[in-house]
Amino acid sequence: MQERTYSIPGMTCQHCVNTIEREIAELEGVKAVKADLEGKKAVIQWDSPATNEVVMDMLREIGYPAED
Ligand SMILES: [Cu+2]
């Protein structure tokens, strides 16, 4: 299991939180997503076939790119 906390500056309201949690949770291999609106962060846990790159790409695709 891999875990990373992503910094997502574009997360500004509960709608953003819901979108991020829903879309990332749908990625194959993702085990948990917990977005923190106040901190503008999301803690994401995954196993194969998900990767950090897959998660980063999806965040970018849905309009919430993570800082490196
Ligand atoms: Cu929002």
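Readers should treat all values here as calculations from the given coordinates under stated rules, not as data from a laboratory. All values derive from a computational prediction rather than experimental measurement. Note that we place each Cβ from the backbone using ideal geometry, even for glycine, and neighbour counts take in every protein chain shown.
For segment 26-55, the set of GluC sites (Glu not before Pro) satisfying both a DSSP loop assignment and a count of at most 16 other C-beta atoms within 10 Å is given as Glu26, Glu28, Glu38. Listed values for segment 2-14 are Karplus-derived 3J(HN,Hα) couplings in whole Hz (6.51 cos²θ - 1.76 cosθ + 1.60, θ = phi - 60°), namely 10, 9, 9, 9, 9, 8, 10, x, x, 7, 10, 7, 5, and x replaces Gly and Pro. Each Lys and Arg adds +1 at its Cβ and each Asp and Glu adds -1 at its Cβ; summed about the Cα centre, the chain shows a dipole of about 200 debye. Rounded to the nearest 0.05, the FRET efficiency derived from the C-beta distance between Ser48 and Thr12 at R0 = 22 Å is 0.10. Under 5 Å between amide hydrogens, built in the peptide plane, is the criterion, and for Lys31 it picks out Gln45, Trp46, Asp47 among residues at least 5 positions away or on other chains.
For Ala66, the residues whose modelled amide H falls within less than 5 Å of its own, excluding neighbours fewer than 5 places apart on the same chain, are Arg60. Under 11 Å from a label point set 7 Å out along the Cα-to-Cβ vector of Ile62, the amide N atoms of segment 12-43 belong to 16-27, 33-35. For Asp36, the amide hydrogen comes within under 5 Å of the amide hydrogens of Lys41, Ala42, Val43, counting only partners 5 or more places away or on other chains and with H modelled in the peptide plane.
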